[in-house]
Amino acid sequence: MATAGSFAPLHFQTLPEVEMQDRAAAFYQQLRARRSVRDFSDRAVPMDVIENCLRAAGTAPSGANRQPWHFAVVTDPTVKQRIREAAEEEERAFYSQRASEEWLNDLAPLGTDANKPFLEIAPCLIAIFSQSYRLDEEGKKHLHYYVNESVGIATGFLIAALHNAGLACLTHTPSPMRFLTEILHRPSHERPFLLLVVGYPADGAQVPVITKKPLSDIATFI
Ligand code: IYR
């Protein structure tokens, strides 16, 4: 028989409608200013800021509240160098063999290639791992649920938190990312989900000119 959980009163503040409108509009304006950055300064980031952004990510909803994520924060230059070398090896295979013509054409406007200097220049890399199960002290498996959805939501919270804190980041997905498991000594049941490159943009950093779909293209109201 399953044991019932315990319950406590919800703390929820109902806001006046004008305040809701102001906050929704301000939050949209703030988030729309976020850009993926590939040109980083080497300026160090305050680790207490990163820690609070990770705490924010850790508040994300997850299947059965299993919180099936792990965030490995890398600032050690030697480890960053190893990650860069391994990532560039995969990227060279991607750009020269693995990627289809269509994929390469779709990436052309972003100006990306197999060189990933930002993996060494940026002060902080956050490797995000997903866990399909948890092993307890006795080595017994406890299943996790909706793992990709949960880790994707937590990653979204993290990206928004970093932007809110005044940091820039890049969602980087060298593929495959198995090398992160080895370099960062993560257990084999954790899967590398994404590599976030975090820091400040370099002076004069440029970003591709892109547009986001308008509301009418992304939503229907029935
Ligand atoms: N991982 C490669 C290729 C790449 C793929 C997608 I989809 C992008 O939006 C951007 C890049 C790279 O990082 O260069």
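The values are calculated or read from the model by the stated rules, or taken from the named source; none is laboratory data. Quick caveat: nothing in here was measured; it's all calculated off a predicted structure. As a convention, Cβ positions derive from the backbone with ideal geometry for all residues, glycine included, and neighbour counts pool all protein chains shown. SASA here: full protein model, heavy atoms, side chains in, ligands and nucleic acids out. Shrake-Rupley method; radii C 1.70, N 1.55, O 1.52, S 1.80 Å.
Return the pair list, or none, for Cβ contacts closer than 7 Å from residues in segment 55-82 that are closer than 16 Å to T181 by Cα to residues that are open to solvent by 40 Å² or more (accessible area, probe 1.4 Å) and not in a loop (DSSP other than H, G, I, E, B), at least 6 apart or on different chains.
Correct list of pairs: K80/E120; Q81/E120.
Do any residues in segment 141-156 that are modelled with pLDDT under 95 have Cβ atoms under 6 Å from those of residues that are open to solvent by less than 30 Å² (accessible area, probe 1.4 Å), where the two are at least six apart or on different chains, and which pairs are they?
none
Between a residue in segment 108-135 that is farther than 20 Å from P192 by Cα and any residue that is within 15 Å of the ligand (Cβ to nearest atom), which pairs come within a Cβ distance under 7 Å, given they are 6 or more apart or on different chains?
P109/P208; L110/P208; G111/P208; D113/Y95; N115/E88; I121/F40
Restricting attention to segment 94-120, and to residues there that are open to solvent by less than 40 Å² (accessible area, probe 1.4 Å) and aliphatic (A, V, I, L, M), which single residue is nearest to the ligand (Cβ to nearest atom)?
Across segment 94-120, the extreme among qualifying residues is L107.
Please indicate, with yes or no, whether at least one residue in segment 77-96 is assigned to a loop (DSSP other than H, G, I, E, B) and at pLDDT 95 or above.
Within segment 77-96 (the criterion being assigned to a loop (DSSP other than H, G, I, E, B) and at pLDDT 95 or above), the answer is no, since none of the residues qualifies.
Quick one: which of L54, L15, L31 is in a loop (DSSP other than H, G, I, E, B), modelled with pLDDT of 95 or more, open to solvent by less than 70 Å² (accessible area, probe 1.4 Å) and touching a helix residue (DSSP H, G or I) at 6+ places or on another chain (Cβ under 9 Å)?
Numbers: L54 fails: in a loop (DSSP other than H, G, I, E, B); L31 fails: in a loop (DSSP other than H, G, I, E, B).
On inspection, the qualifying residue turns out to be L15.
Report, by residue number, each residue of segment 143-177 that is over 28 Å from F40 (Cα atoms) and open to solvent by 50 Å² or more (accessible area, probe 1.4 Å).
Within segment 143-177, the first condition is being over 28 Å from F40 (Cα atoms), and the residues that meet it are 143-150.
Hits for segment 143-177 are L143, Y145, Y146, N148, E149.
Provide a single number: the residues in segment 188-221 that are in a loop (DSSP other than H, G, I, E, B) and either of a type in the set (G, A, S) or exposed (fewer than 11 other Cβ atoms within 10 Å of the Cβ) (or both).
Qualifying residue count, segment 188-221: 14.
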